[in-house]
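> Before I ask anything, here is the structure I am working with.
The values are calculated or read from the model by the stated rules, or taken from the named source; none is laboratory data. The structure displayed is predicted, hence computed values, not measured ones. A quick note on method: Cβ atoms are made from the backbone with ideal geometry, for glycine too, and the neighbour counts reach across all protein chains shown. With ligands, DNA and RNA removed, areas are computed over all heavy atoms of the protein, side chains included. Shrake-Rupley method; radii C 1.70, N 1.55, O 1.52, S 1.80 Å.
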Amino acid sequence: MEPLFKISQEYTFEEYKKFAKAVLKWNRIILGAFLWFAFLSGVLLIGFNGVSSQACFLVLFPVIYVILRKLSIKRYYNSNKILKDITEEYEFYEDYLIAKNTNSEAKIEYDKIFKIIETKTNFYIMIAQNQGYIISKEICSEELVEFLIGLKDKK
């Protein structure tokens, strides 16, 4: 049987950064923890050193958050040697998807997909809460984009 659609997607650090921003919950957890820490520290700093210390901390907070987030994303990307800098081939059939690369091949039935996330630039076919396949819209035909939106709407 011939696939309805067939594409190849390169897994790069840039694509993984987009994936992490759109998908991974730890970004929100870290941000929430930092906000609580900033609030509590701000309350304590007002009592000890006045407003200038609080203002200094609140300026440093976003810088520290961005640096830690970038380091975490890079660490996660580098820790996955199997998917680092590979090309994933996708074949879309009527009822399932085949994803294959030099290390593995998987058949995923559409009704087993956890969810599909759509951003301005990508689709993420999630097979678990924090595990999924990256598909750039720029490599998709209009028909494939419509097909993926239809799958997303069924979830």
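> Search segment 88-107 for residues that are more than 14 Å from residue 5 (Cα to Cα) and in a loop (DSSP other than H, G, I, E, B) and pair each with any residue that is of a type outside the set (A, V, I, L, M, F, W, C) and open to solvent by less than 60 Å² (accessible area, probe 1.4 Å) when their beta-carbon atoms are under 7 Å apart and the residues are at least 6 apart or on different chains.
Cβ pairs passing all conditions: 101/88.
> Here are the criteria: (1) open to solvent by less than 30 Å² (accessible area, probe 1.4 Å); (2) closer than 25 Å to residue 13 by Cβ; (3) of a type in the set (Asp, Glu). Tell me which single one residue 118 does not satisfy.
Of (1) open to solvent by less than 30 Å² (accessible area, probe 1.4 Å); (2) closer than 25 Å to residue 13 by Cβ; (3) of a type in the set (Asp, Glu), only one is false for residue 118: (1).
> Just to be sure I understand, how many residues within segment 71-83 are in contact (Cβ under 8 Å) with a residue 40 or more places away in the chain and open to solvent by 70 Å² or more (accessible area, probe 1.4 Å)? It would help to see each step written out before you state the result.
Quick first cut of segment 71-83, residues in contact (Cβ under 8 Å) with a residue 40 or more places away in the chain only: 72-74, 76-77, 83.
Still in the running and open to solvent by 70 Å² or more (accessible area, probe 1.4 Å): 74, 76.
Residues meeting the conditions: 2.
> Any idea which residue in segment 126-155 is most open to solvent (accessible area, probe 1.4 Å), counting only those that are assigned to a strand (DSSP E or B) and within 18 Å of residue 13 (Cα to Cα)? Before the answer, list the steps.
So in segment 126-155, the residues assigned to a strand (DSSP E or B) come out as 126-128, 131-136.
Filter once more, so that each one left must be within 18 Å of residue 13 (Cα to Cα): 131-136.
Numbers: 131: 104, 132: 17, 133: 33, 134: 6, 135: 0, 136: 5 Å².
Residue satisfying both the conditions and the ranking: 131.
> From the list 39, 5, which residue is among the aromatic types (Phe, Trp, Tyr) and at pLDDT 90 or above?
Details: 39 fails: at pLDDT 90 or above.
So the residue among 39, 5 that is among the aromatic types (Phe, Trp, Tyr) and at pLDDT 90 or above is 5.
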